[in-house]
1. Return the residue satisfying two criteria in turn: it lies in segment 40-70 and is charged (D, E, K, R) and farther than 19 Å from residue 80 by Cβ, and of such residues it is nearest to the chain's Cα centre (by Cα).
2. Residues 108, 127, 64: which one is closer than 16 Å to residue 36 by Cβ and free of Cβ contacts under 8 Å to residues at least 60 places away in the same chain?
3. Could you figure out which of (1) crowded, with 16+ Cβ neighbours inside 10 Å; (2) over 30 Å from residue 18 (Cβ atoms) isn't true of residue 146?
Amino acid sequence: MGGSVTAGPVVIGGTYVDIGKSGNYQDMMPGKDLSETVYTVGAVLVLDKFNVAAKYAASEMDTDNGTLDTTGYAFGVAYQATMNLSLAATYNYEDYDFSTNALDSDDDWFTVGASYRINEHFEFVTDYKVASEADDKLFLRVNVSI
């Protein structure tokens, strides 16, 4: 379930997802997640050629080995350079809390990216994730709208 509301140049939105598992043999394997709940809330401020965004997310996954809580947030800014080209940068943080052991950890990273809209149907997007404990990564994708 999700929704958003717009008030002037501000868009505020959120989601709630409750993922129940089927209980079949595959879902009952040791260490398998039994249920997961995810909440997100975010806001975007639209200022002419700039967008400023913030997001908070929390999830709880229950497994037969315990509970995994994850919380995180992101702050970003995007610039519409031309009608077809936009540039963006974000800072992201996640905190992982395992209830059954002391294996708590966190990670923070930056992303820089660009998107180029070819026409109303195709957009090329690239993001580079840097300074993460999980190594740097380059993401490339094509968004297709029909």
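1. Let us first name the residues in segment 40-70 that are charged (D, E, K, R), namely 48-49, 55, 60, 62, 64, 69.
With the extra rule that they be farther than 19 Å from residue 80 by Cβ, the set shrinks to 55, 60, 62, 64, 69.
Details: 55: 8, 60: 15, 62: 20, 64: 26, 69: 16 Å.
The selected residue is 55.
2. Working: 108 fails: closer than 16 Å to residue 36 by Cβ; 127 fails: closer than 16 Å to residue 36 by Cβ.
Among 108, 127, 64, only 64 is closer than 16 Å to residue 36 by Cβ and free of Cβ contacts under 8 Å to residues at least 60 places away in the same chain.
3. Here residue 146 meets the rest and fails (1).
Every number in this text was worked out from the coordinates using simple rules, so none of it is lab data. This is a predicted model, so every value here is computed, not measured. Positions of Cβ are backbone-derived with ideal geometry, glycine not excepted, and every protein chain shown enters the neighbour counts.
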